[in-house]
Structures are given as C-alpha cells and as structure tokens.
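Below: the structure, in structure tokens.
Read-outs throughout are calculated quantities, based only on the coordinates presented, and are distinct from any laboratory measurement. Source: prediction; values computed, not measured. Note that we place each Cβ from the backbone using ideal geometry, even for glycine, and neighbour counts take in every protein chain shown.
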Amino acid sequence: MPTLNPESILAVSQTDPSLADKASALAAQLGLPLYKSGENAPALLLTLTPSQLELRQTGKGAEGPLFVDFIGGAIEYRRRQTTSRKEAVARAVGLKGGTRPVVLDLTAGLGRDSFTLASLGCMVQMVERSPVVAALLADAIKRARQKPALAEIMARLHLLVGDSLQILRTWQGERPEAIYIDPMYPHRSKSALVKKGMRLIRLLVGDDQDSDALLSAALAIASRRVVVKRPRLAPALTGPAPNFTLSGKNSRFDVYLI
Ligand SMILES: C[S@@+](CC[C@H](N)C(=O)[O-])C[C@H]1O[C@@H](n2cnc3c(N)ncnc32)[C@H](O)[C@@H]1O
C-alpha cells in the first residue's frame with residue numbers, strides 16, 4: 001500500500017465549540033489543517049471530543065471511531081485475564097518466574113502489546129514515529145493516569161515520539177534487556193487478519209519499509225534478546241535466523257538471543 005501524505009487525507013476537528021482552542025493548538029502542533037464544518041471532509045478526521053481524542057473515517061462504509069483505550073472494554077478484560085504464562089508476547093520477551101525484563105518497544109502503534117507487558121510488571125519504553133498515532137497514544141496515557149487502579153502500570157509505561165532507527169543509532173543510555181518490533185506487514189487489502197483499528201492506522205502510516213534495518217540496529221543494542229512479531233506464515237525479516245519462534249493463532253514471535 002502506498003504511504004499517504006497525512007496532510008492531504010487528514011484534518012483536526014472537534015465536536016464541541018468549547019474545544020475549538022484545543023483543536024487549533026493540536027492542528028498547529030501536528031502541522032495539520034483545521035476542519036471547518038461545511039467544508040469537504042478529508043478521508044480522516046482527528047477529532048477532539050469532550051472525553052477523548054479519536055480518529056474518524058469519513059464517507060461511505062467508514063470505520064471507527066478509533067481511539068486508544070487502556071481503561072475500559074477489551075483491554076481491561078485482557079488485563080484481568082492476563083497471566084505471564086498465557087501471553088505469548090510475555091514469554092517471547094523473556095518473562096519467567098520473577099524476571100521482568102526492561103523492554104524497548106520500537107513500534108508502539110496502539111500500545112496494546114506494550115500495555116500487556118507493563119501490566120505484567122515490565123518497564124516499557126514505547127517509540128512511535130507517526131505524530132498522529134503518538135497523539136492518540138498520549139491521550140490514552142493521560143486518561144489512564146487519572147485512574148488510581150492503573151497508577152502502577154502507567155508508571156511503567158513511557159512514550160517517546162520519534163523514529164526508532166534514529167534513536168537506536170544514537171543510543172547512549174543503558175542497553176534495554178529486550179527490544180520488541182511489530183512492524184506493519186503488507187497484507188492484502190481487507191484481510192480478515194488485520195484488526196479494524198490497525199486498518200485505519202495503516203491508511204495513515206502505510207507499510208513499514210525499514211523493518212530489516214530496525215532488526216539489525218536492535219540486535220546491536222539489546223542486551224538479552226530481540227523479538228519480532230510476524231503474521232503466522234510470513235517469512236522472517238532479512239538478517240540472522242531467529243533462535244526460536246513462538247506461535248500464536250494469527251501471529252508468530254521470532255526471538256533472537258544476544
Ligand atoms: C503494527 S503497528 C504496532 C502495533 C502495536 N504492537 C500494538 O500492540 O498496538 C506498527 C506501528 O509502528 C510504527 N513504526 C514503524 N516503524 C517505526 C519506526 N522506525 N520508528 C517508530 N515507529 C515505527 C508505525 O507507525 C505503527 O504505528
């Protein structure tokens with residue numbers, strides 16, 4: 001899928017006039033146009049509502065709205081059900097007994113994998129290069145930080161906006177024990193394997209073309225292992241062969257030991 005220029009398909013809007021100033025500030029921060037009702041709507045609207053920031057698709061058959069949520073619904077259910085034994089992602093990054101590796105997630109996306117790992121006790125640094133996806137994540141983090149029940153988990157979850165490749169190439173701090181990579185995989189359109197939220201994100205960010213380079217840079221920085229999430233039958237990234245893989249229903253985790 002070709003990468004679309006966010007400015008040509010996306011504008012910032014709000015659902016309540018009291019949010020107009022906030023919407024203008026967000027549009028300026030992201031370098032996006034501000035949508036005024038009555039104008040032709042672009043394909044996507046990043047919409048401020050009184051409760052949250054949402055990505056809305058416009059037009060016929062629109063999907064959405066998409067927002068990141070660490071509080072209610074599916075992710076809360078998953079948090080309650082989550083045990084390290086059950087979660088393949090947890091076993092893949094090396095959670096075992098009392099071991100809780102520090103994780104650098106190079107492809108934060110909607111933060112689901114990072115949140116699972118933070119719920120299980122890992123310190124997680126997420127990196128996201130799309131400023132729009134990062135804005136959705138930051139909004140969810142702000143809301144979740146207001147919930148005392150999530151305080152411990154949210155204290156372990158941090159977001160950095162930027163390109164992971166750049167960040168790894170200029171890395172100076174302590175080496176993270178585990179580095180996690182879940183790139184956008186070029187699925188055929190409308191594949192049932194692509195979750196609804198991810199389809200909207202794909203529209204915005206396109207496919208990730210730098211995954212092989214990310215793996216190579218990650219292998220130079222991680223102190224214990226690098227984990228790459230792939231669709232179950234997809235080839236491994238170009239580079240050394242993984243030491244082992246863990247398979248889930250639709251996806252697979254390729255684990256590279258340092
Ligand atoms: C498939 S999604 C990740 C989904 C995530 N694991 C989750 O649980 O929600 C991939 C995300 O990684 C981001 N990404 C890809 N390459 C990146 C890079 N080099 N630096 C920062 N972010 C990157 C994309 O913008 C996209 O939002």
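The calculated FRET efficiency for the pair residue 175 and residue 8, based on their C-beta separation and a Förster distance of 30 Å, comes to about 0.15.
Sites counted here are trypsin sites (Lys or Arg not before Pro) in a DSSP loop (not H, G, I, E or B) having no more than 15 other Cβ atoms within 10 Å; the longest part of the chain that contains none of them is 87-187. For the chain, a Kirkwood hydrodynamic radius built from all Cα pairs, placed in the Stokes-Einstein relation at 4 °C and 1.567 mPa s, yields a translational diffusion coefficient of 68 µm²/s. Coupling constants for the stretch 140-145 follow from the phi torsions by the Karplus curve (6.51 cos²θ - 1.76 cosθ + 1.60, θ = phi - 60°), and in residue order they are 5, 5, 4, 5, 5, 5 Hz; glycine and proline get x. In a simple Cβ point-charge model (Lys, Arg +1; Asp, Glu -1; nothing else charged), the chain has a dipole of about 1060 debye relative to its Cα centre. Of all the options 99, 47, 245, the one that moves most in a Gaussian network model of the chain with Cα springs shorter than 10 angstrom is 99.
Per-residue ellipticity at 222 nm computed for the chain from its helices equals -9000 deg cm²/dmol, with DSSP H segments shorter than 4 residues left out and the rest contributing -39,500 (n - 2.57).
One chain, two ends: residue 249 and residue 16. Fully extended at 0.36 nm per residue, the span grows by 79.7 nm beyond their Cα-Cα distance. To the nearest 10 degrees, how steeply does helix 20-30 sit against the main Cα axis of the chain, on a 0 to 90 scale? It is inclined by approximately 50 degrees.
Remark on residue 206: its backbone amide H falls under 5 Å from those of 4, a criterion applied only to residues 5 or more positions apart or on other chains, H modelled at 1.01 Å from N. Modelled spin labels at residue 258 and residue 39, positioned 7 Å past Cα toward Cβ, are 4.7 nm from each other.
Counting other Cβ atoms within 10 Å as a rough exposure proxy, the listed residues 39, 128 run 39, 128 from fewest neighbours to most.
Got a sec? How would 70, 115, 244, 253 order by Cβ neighbour count within 10 Å, fewest to most? It would help to have the intermediate numbers written out before the result.
Values: 70 25, 115 30, 244 11, 253 21.
Ordered from fewest to most neighbouring Cβ atoms within 10 Å, 70, 115, 244, 253 come out as 244, 253, 70, 115.
Number of Lys-Lys pairs in the chain with C-alpha atoms under 25 Å apart and a separation of 8 or more places or on different chains: 23.
The modelled label-to-label distance between residue 91 and residue 49, using points 7 Å beyond Cα along the C-beta direction, is 3.8 nm. Between 222, 198, 244, the Cα set farthest toward the positive side of the dipole of the stretch 131-250 (charges on each charged residue's Cβ, about the Cα centre) is that of 198. Charge dipole of the stretch 113-258 (Cα centre as origin; +1 on each Lys and Arg Cβ, -1 on each Asp and Glu Cβ, all else neutral): 620 debye, rounded to the nearest 20.
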